[in-house]
Amino acid sequence: MNFSELIALRPDLAFIAHWINEGSHVLDVGCGDGAMMRYLELDKRCTGYGIEIADDKVLESTRRGISVIQHDMEQGLGLFGDNSFDTVLCLSSLQMMQHVEALLRDIVRVGHEAIVSFPNFAHWPHRLALLKGRMPVSRTLPYQWYDTPNVRCATIYDFQELAEECGLEVLECVALADGKPVSFLPNLRGSLAVFRLRKKVRHAP
């Protein structure tokens, strides 16, 4: 898979890929069909693993040729040691977890850096739907309220606060709309929030 194919398939993944250094050791938590890991392996010579629970997605990832571990993320990442990876990805998966804070802490434990993305619930079409008395349905939130896998709803500001509470440093925060960065009123106009994080460096007294 080359860069143009990744853009056509998932423009958000194409944007996120530029944050990952060539030759990095990567863990993709909730890797889905494995498209991101496959691109990173082929185009940026990265190594690593995907983690996925769904049988069909594990099969798709395997068919793409990536190393995938079938594992329930709710059980944590105890199978990996501290700082085992250069970068840990958790892309559009964190909002599906019951224990978001615990998983977030585990993600930054096993990686020197983490990249997390999630649907921004404060995106203006979502606000408009709520004003009309309906739960939002959009490209980033494509499910009806009764069958959605998303169990958490967050805005950019919400996640910034959680990162601070978890002792994390926000290296970059970008709101995307159709895979492109939004600089003006990002919490209103961005449909997907993307954070690059790491543990705060504690300086000796």
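Inverting the pair-averaged 1/r between distinct Cα atoms of the range 38-91 gives 12.2 Å as its Kirkwood hydrodynamic radius.
I'd like to know how the chain sits against the 2.2 N^0.38 Å rule of thumb: what's its Cα Rg over that expected value? It is 1.00.
Backbone phi angles across the range 79-84, fed through the Karplus curve with coefficients 6.51, -1.76 and 1.60 (θ = phi - 60°), yield HN-Hα couplings of 6, 10, x, 4, 6, 6 Hz in residue order; Gly and Pro are listed as x. Taken about its Cα centre, the chain carries a charge dipole of about 540 debye when Lys and Arg each add +1 at the Cβ and Asp and Glu each add -1 at the Cβ. Each part reduced to its alpha carbon centroid, the range 109-144 and the range 179-196 end up 11 Å apart. Restriction of the trypsin sites (Lys or Arg not before Pro) in the range 1-104 to DSSP coil positions whose beta-carbon has at most 10 other beta-carbons within 10 angstrom yields ARG45.
Taking θ as phi - 60° and the Karplus parameters 6.51, -1.76 and 1.60, the scalar couplings of the range 14-31 work out to 4, 5, 4, 4, 6, 7, 9, 6, 4, x, 6, 9, 10, 10, 9, 7, x, 6 Hz in sequence order, x denoting glycine and proline.
All C-alpha to C-alpha distances of the range 1-110, sorted into 5 Å bins beginning at zero, yield P(r) values of 2, 13, 24, 26, 21, 11, 3, 0 percent in whole numbers. The amide H of LEU89, built 1.01 Å from its N in the peptide plane, has LEU27, ASP28, VAL29, ILE115 as neighbours under 5 Å, considering only residues 5 or more places off or on other chains. Close amide H partners of ALA154, meaning residues 5 or more places away or on another chain with modelled amide H under 5 Å apart, are PHE121.
What is the percent of Cα-Cα separations in the range 56-176 that go past 18 Å? For the range 56-176, the fraction of Cα-Cα distances above 18 Å is 59 percent. Dividing the mean sequence gap of close Cα pairs (under 8 Å, 6+ apart) by how many residues the chain holds gives a relative contact order of 18 percent. Of all beta bridges that DSSP places with both ends in the chain, some 50 percent have antiparallel geometry.
Taking only protein heavy atoms and a 1.4 Å probe, the accessible area of the range 12-122 is 46% carbon and sulfur. When the Gaussian network model of the chain links Cα atoms closer than 10 Å, the mean-square fluctuations of ARG152, ARG109, ARG134 top out at ARG134. Ellipticity at 222 nm from helices only: DSSP H runs of n ≥ 4 in the chain, each -39500 (n - 2.57), divided by the residue count, give -9000 deg cm²/dmol. Considering only LEU40, LEU130, LEU27, the mean-square fluctuation computed in a Gaussian network model of the chain, springs between alpha carbons under 10 angstrom, is largest for LEU130.
Using a probe of 1.4 angstrom and keeping all protein chains present, the accessible surface of the range 1-156 works out to 49 square angstrom per residue. Using θ = phi - 60° in the Karplus curve 6.51 cos²θ - 1.76 cosθ + 1.60, the 3J(HN,Hα) couplings for the range 50-56 round to x, 10, 8, 9, 6, 4, 5 Hz; x is entered for Gly and Pro.
The values are calculated or read from the model by the stated rules, or taken from the named source; none is laboratory data. In this text the structure is predicted, and so the values were computed from the model without any measurement. Counting neighbours? That spans all protein chains shown, and the Cβs are built from the backbone with ideal geometry, glycine included. Accessible surface areas use protein heavy atoms only, side chains included; no ligands, DNA or RNA. Shrake-Rupley method; radii C 1.70, N 1.55, O 1.52, S 1.80 Å.
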